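Undergrad: The structure follows.
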Amino acid sequence: MEEVPQGCPGTGSAQAGRGASCQGCPNQRLCASGAGAAPDPAIEEIKEKMKTVKHKILVLSGKGGVGKSTFSAHLAHGLAEDENTQVALLDIDICGPSIPKIMGLEGEQVHQSGSGWSPVFVEDNLGVMSVGFLLSSPDDAVIWRGPKKNGMIKQFLRDVDWGEVDYLIVDTPPGTSDEHLSAVQYLSAAHIDGAVIITTPQEVSLQDVRKEINFCHKVKLPVIGVVENMSVFICPQCKKESQIFPPTTGGAEVMCQDLKIPLLGKVPLDPHIGKSCDKGQSFLTDAPDSPATLAYRSIIKRIQEFCGHHPPKEEHLIGS
C-alpha cells in the first residue's frame with residue numbers, strides 16, 4: 001500500500017475506504033474492497049524463517065546518541081564469548097547504519113546463496129546484517145520513505161539465512177516510527193522476548209524513554225528493562241565519580257521505580273568505548289577490567305536470565 005493520509009481510519013475499520021479522509025487516497029479502492037485488511041503473507045513466512053532463532057531482542061532508545069548501537073554491538077560480543085552460543089545482530093537503522101563500523105565490518109558486502117542472503121560474520125558464532133553492507137560508500141545517504149524502509153526490514157527478516165541462532169539482537173533507530181512498527185508486526189507471530197531500552201541520566205532523554213515504554217505497552221511488546229548509559233564518569237587515576245549528565249529528576253532509577261520497569265544496570269562513561277567502536281573492536285576484550293565492562297557483563301547476564309525464564313511461545317502483538 002502507498003502512504004496514507006492524515007486521519008486514516010485504518011484498514012480494519014468499517015469506514016475503511018469510505019470515510020471523508022479517504023477521499024483522494026491512492027489506497028481508497030483497495031481499502032473499500034476489504035483486501036487491505038488481509039494480513040501480510042510475509043508474517044507467516046517470517047514466522048517459519050524464525051523457527052531456527054530461539055530468542056529475539058529489540059534494542060530501543062527514545063533519543064539518538066544515547067549509545068543504543070554501541071550497546072547492541074557489545075551485547076552481541078558479550079553473548080558470543082561463549083563459543084557454543086550462536087548470535088545474530090540485525091541493524092534496521094536504515095538511515096543511520098553504524099553497526100558495520102562498530103563491528104569492524106566496513107566495506108564488507110552481502111552475498112546471495114541458495115537459501116537467502118548470507119550474513120557477514122565477525123566470528124564463527126557472530127553474524128551481522130545491515131543496510132550499510134548494501135551501500136557503495138559509508139557516506140552514501142539513504143533517503144527512503146516509510147514503505148521502502150518497511151520493505152527492506154521485511155526482506156532482512158525473511159531472506160537472511162541466519163541458520164540455527166540462540167539470540168537475534170535487532171538494533172533499531174531512535175524513536176517510535178515505521179521501522180519499529182514493522183519489526184513488531186513482522187515478528188508478531190514468531191515471539192519477541194522483549195525490548196531493552198537505552199537512556200542517559202538526564203530528563204531530556206528520560207522524557208523520550210517514557211514514550212518508548214508507552215509504545216511497548218501499546219503494541220504489547222514486553223520490556224526486559226532499561227539500561228542507563230553514560231551514568232557517571234569514573235576517573236581512572238583517583239576513581240572519583242563525576243556526573244557528566246546530571247540526573248536532575250533522579251535518572252533512570254527513579255523512572256523505573258515509578259513505571260515498575262526493571263533497571264538492568266548503569267554503564268559508566270568510558271572514553272575507551274568510543275575508541276574501541278571506531279576501531280571496530282570489542283570494548284569488553286579491549287578493557288576487561290573497566291567498570292563499564294563489569295556493568296555490561298552484569299546487564300548481559302540479566303538479559304540471559306530473562307530470556308531463560310520466558311520460553312518461546314506464540315504471541316499476538318498489535319500490528320499482526
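Undergrad: Quick one, can you get me the convex hull of the C-alpha atoms of the stretch 41-307 expressed as volume per residue in Å³?
TA: About 123 Å³ per residue, rounded to a whole number.
Undergrad: What lysines does K239 reach when the alpha-carbon gap must be under 21 Å and sequence neighbours fewer than 8 apart in one chain are set aside?
TA: K266, K275
Undergrad: Using modelled backbone amide H atoms (1.01 Å from N, in-plane), which distant-in-sequence or interchain residues come within less than 5 Å of V53's amide H?
TA: V165
Undergrad: Identify all lysines with a Cα-Cα distance to K149 below 23 Å; exclude those on the same chain that are fewer than 8 residues away in sequence.
TA: Result set, ordered by chain and number: K47, K49, K56, K63, K68, K101, K211, K218, K220.
Undergrad: Related question: Considering Cα pairs under 8 angstrom that are at least six residues apart, work out the relative contact order of the chain and quote it in whole percent.
TA: Relative contact order for the chain comes out at 22 percent.
Undergrad: Leaving ligands, DNA and RNA out of it, report the carbon-plus-sulfur percent of the accessible area of the chain at a 1.4 Å probe.
TA: 50
Undergrad: Roughly how far apart, in whole Å, are the Cα centres of the stretch 158-175 and the stretch 182-200?
TA: One Cα centre to the other: 10 Å.
Undergrad: Any chance you could check the Cα centroid distance between the stretch 52-112 and the stretch 221-264 for me, in angstrom?
TA: Distance between centres, Cα-based: 22 Å.
Undergrad: Quick one: the Cα spread of the stretch 195-288 along its three principal axes, in angstroms, biggest first?
TA: Projected onto the principal axes, the Cα atoms of the stretch 195-288 cover 43, 29, 19 Å.
Undergrad: Would you work out the Kirkwood radius for the stretch 154-218? I mean one over the mean of 1/r across all pairs of different Cα atoms, in Å.
TA: One decimal place: 13.5 Å for the Kirkwood radius.
Undergrad: Find the accessible area per residue for the chain; the probe is 1.4 Å, ligands and nucleic acids are left out, and the unit is Å².
TA: Averaged over the residues of the chain, the accessible area is 47 Å².
Undergrad: Under 10 Å, Cα contacts only: if you run a Gaussian network model on the chain, which one of G67, G250, G78 comes out with the highest mean-square fluctuation?
TA: Judging by the Gaussian network model, the answer is G250.
Undergrad: Obtain the nm distance between the two label points defined at E253 and E305 by a simple spin-label model: each point lies 7 Å from its Cα along the Cα-to-C-beta direction.
TA: 1.8
The values are calculated or read from the model by the stated rules, or taken from the named source; none is laboratory data. These numbers come from a predicted model, not from an experiment. Don't worry about glycine lacking a Cβ; one is built from the backbone with ideal geometry, like all the others, and counts go over all protein chains shown. The area values use the complete protein model at the heavy-atom level, side chains included, leaving out ligands, DNA and RNA. Shrake-Rupley method; radii C 1.70, N 1.55, O 1.52, S 1.80 Å.
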